[in-house]
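The values are calculated or read from the model by the stated rules, or taken from the named source; none is laboratory data. Note that the coordinates shown come from a computational prediction; the quantities given were computed from them, not determined experimentally. FYI the Cβ positions are ideal-geometry reconstructions off the backbone, even for glycines, and counts take in every protein chain you see. Heads up: the accessible areas ignore ligands, DNA and RNA and are worked out on the full protein's heavy atoms, side chains in. Shrake-Rupley method; radii C 1.70, N 1.55, O 1.52, S 1.80 Å.
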4 protein chains.
Amino acid sequence: MEKIKPYLKKVQYYETDMMSVVHHSNYIRWFEEARMDYLEQAQFPYQGIEAQGIFIPVLEASCKYRQAVRFGETVQIETEVTRVSSVRFTLGYRVYDKAHKTLHATGSTAHCFLGQDFSPLSIQRRMPEFYQFLREHCQKTKDLQ
Amino acid sequence: MEKIKPYLKKVQYYETDMMSVVHHSNYIRWFEEARMDYLEQAQFPYQGIEAQGIFIPVLEASCKYRQAVRFGETVQIETEVTRVSSVRFTLGYRVYDKAHKTLHATGSTAHCFLGQDFSPLSIQRRMPEFYQFLREHCQKTKDLQ
Amino acid sequence: MEKIKPYLKKVQYYETDMMSVVHHSNYIRWFEEARMDYLEQAQFPYQGIEAQGIFIPVLEASCKYRQAVRFGETVQIETEVTRVSSVRFTLGYRVYDKAHKTLHATGSTAHCFLGQDFSPLSIQRRMPEFYQFLREHCQKTKDLQ
Amino acid sequence: MEKIKPYLKKVQYYETDMMSVVHHSNYIRWFEEARMDYLEQAQFPYQGIEAQGIFIPVLEASCKYRQAVRFGETVQIETEVTRVSSVRFTLGYRVYDKAHKTLHATGSTAHCFLGQDFSPLSIQRRMPEFYQFLREHCQKTKDLQ
């Protein structure tokens with residue numbers, strides 16, 4: 001199994017606030033960017049999943065902010081699968097800066113699977129190969145937060 | 001015909017950037033807020049229009065920034081219809097601060113009407129009463145920009 | 001002590017995503033809107049606090065999404081103080097829709113106090129009246145999440 | 001003089017709206033992303049300019065939307081200098097999708113130069129090498145819009 005690379009993201013000026021650092025809400029968006037990149041690297045691009053009529057909404061999201069990130073920096077986000085069942089999974093995120101590898105934030109998101117009528121479905125039945133992927137990559141560690 | 005009131009909007013912290021003022025992209029979002037408020041006051045709430053299978057996408061948007069707006073301020077946005085035809089219309093916006101009535105920005109957006117298949121439609125035929133409203137409120141002045 | 005009113009917020013079109021619901025990251029922004037409104041009602045407007053050289057950054061943020069919110073709705077957010085010390089405090093949020101009072105989401109944010117040099121400070125010493133307010137309003141309940 | 005490469009940008013899920021396309025306000029943010037990338041490629045990274053106490057605020061911004069951009073696409077943005085004086089300059093932008101090179105949008109932004117006290121300054125005097133760069137890259141064509 002090929003190793004999935006961390007997601008690299010250049011901080012944008014419009015992501016800063018008047019405290020001269022990245023506004024905290026943007027980390028939740030960065031987790032989504034990292035998640036989409038992770039799925040794409042795993043050969044399960046999200047647009048392909050939605051094209052099959054499967055939605056993966058966010059049930060929970062959280063972030064711990066350790067050190068502010070500033071404009072001009074590039075962050076490196078490591079994503080890992082921390083829990084999986086046939087109807088739910090959880091991802092953990094670690095946000096480093098690319099230059100010094102300082103840990104700036106950690107976070108997690110929990111997800112379920114919905115069909116086009118927005119009713120829950122078992123991913124084990126609908127996309128067994130994706131379920132298999134998640135199982136194999138699950139770190140079996142406790143959540144980051 | 002009842003006069004339409006300006007839209008009041010409290011500036012949010014997350015709308016500021018590291019220059020300690022509101023990021024310029026947010027004015028385009030404020031124009032949308034003002035537009036939706038205008039349509040609602042006019043008794044044509046946008047969700048009602050979309051519920052009839054009519055979309056009103058933005059064809060053009062522009063803004064002239066005169067004086068920065070800061071967190072803690074409340075802006076007052078005046079919206080007016082500046083051009084109307086059966087397939088297109090243009091709105092103009094003036095952004096004041098509520099406290100001192102200083103003009104902070106002006107802008108405009110141009111729109112057309114699309115059906116559910118995203119093909120253009122004549123609003124004069126599909127929603128004659130909305131077309132009539134736009135005609136009556138059209139300032140017949142040149143665009144703000 | 002006067003009761004603090006819930007924060008009312010009209011959902012914006014630009015807050016939706018292609019799942020036709022409000023994007024999950026915006027709830028974190030709504031918590032900020034509700035927090036600023038809470039502080040203002042409490043007679044401690046955030047811009048006044050920053051003007052004294054005190055910043056209140058977010059250390060942690062989390063949200064549990066129960067039921068999607070859609071464009072056209074108005075949400076009603078209840079904010080409460082759930083933990084207080086001289087150097088930290090935590091707020092809890094409940095997001096209802098105004099029309100049916102359905103609970104759509106719950107969340108929390110944790111904060112500390114920093115001086116202009118970004119070093120931690122004791123709010124009990126620097127703004128004893130604000131500390132007093134937080135203490136008196138602390139629900140002494142466990143965090144919402 | 002080395003040729004400056006177009007800016008590539010992957011469309012994010014959080015940039016879409018309930019019309020299932022990228023929300024129009026995000027193009028103004030993309031112009032900023034392309035502008036920052038342009039300055040960096042030109043060896044005048046914006047954080048370096050601000051570090052010298054020079055701000056380059058946006059005076060005007062506009063966009064013409066020709067064809068919607070969707071999640072899953074990568075856009076390619078071409079930036080060019082369209083007007084320059086010692087106190088102002090204008091940039092033009094063309095947004096293509098990387099896959100088919102369809103033109104999705106065009107736009108422009110106008111800028112001035114401010115010192116730390118937010119008073120206008122002559123970039124010809126303060127940063128003659130940057131002024132020289134802008135002059136040499138100015139397309140001497142009329143604005144895109």
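Miscellaneous remarks
- Check on D:Lys64, surrounded by fewer than 21 Cβ atoms within 10 Å (Cβ to Cβ), in contact with an Asp or Glu (Cβ under 8 Å, 6 or more places away or on another chain), more than 20 Å from D:Gln41 (Cα to Cα) and basic (Lys, Arg): yes
- Sole exception among (1) surrounded by fewer than 21 Cβ atoms within 10 Å (Cβ to Cβ); (2) touching a residue at least 40 places away in the same chain (Cβ under 8 Å); (3) farther than 18 Å from C:Glu60 by Cα for A:Tyr38, by number: (1)
- D:Tyr38 vs. criteria more than 9 Å from every other protein chain (Cβ to nearest Cβ) and hydroxyl-bearing (Ser, Thr, Tyr): yes
- Of all positions in the stretch C:22-30, none carries a residue that is of a type outside the set (A, V, I, L, M, F, W, C) and more than 10 Å from chain A (Cβ to nearest Cβ).
- Taking every residue in the stretch D:48-63 that is in contact (Cβ under 8 Å) with a residue 60 or more places away in the chain and pairing it with any residue that is open to solvent by 20 Å² or more (accessible area, probe 1.4 Å) and among the aromatic types (Phe, Trp, Tyr), at least 6 positions away or on another chain, the pairs with Cβ-Cβ distances below 9 Å are D:Ile49/D:Phe55; D:Phe55/D:Phe118.
- When residues in the stretch C:73-110 are screened for being over 28 Å from C:Ser122 (Cα atoms), surrounded by 20 or more Cβ atoms within 10 Å (Cβ to Cβ) and touching a Phe, Trp or Tyr at 6+ places or on another chain (Cβ under 6 Å), 2 of them pass.
- Per this entry, D:Thr16 is counted among residues that are away from chain B (no Cβ under 11 Å), open to solvent by less than 10 Å² (accessible area, probe 1.4 Å) and among the β-branched types (Val, Ile, Thr).
- None of C:Val81, C:Val95 is within 14 Å of chain A (Cβ to nearest Cβ), of a type outside the set (D, E, K, R) and in contact (Cβ under 8 Å) with a residue 40 or more places away in the chain except C:Val95.
- Being modelled with pLDDT of 95 or more and closer than 18 Å to B:Thr74 by Cα is a property that does not hold for C:Glu15.
- Scanning the stretch C:1-13 for residues that are open to solvent by 10 Å² or more (accessible area, probe 1.4 Å) and facing another protein chain (nearest Cβ under 9 Å) yields a count of 2.
- Residues within the stretch B:46-69 that are over 21 Å from B:Phe133 (Cα atoms) and at the interface with another protein chain (Cβ under 8 Å from one of its Cβ atoms), tallied: 7
- Condition check for A:Ser119: open to solvent by 30 Å² or more (accessible area, probe 1.4 Å), free of Cβ contacts under 8 Å to residues at least 40 places away in the same chain, of a type outside the set (Val, Ile, Thr) and within 22 Å of A:Ile4 (Cα to Cα): no
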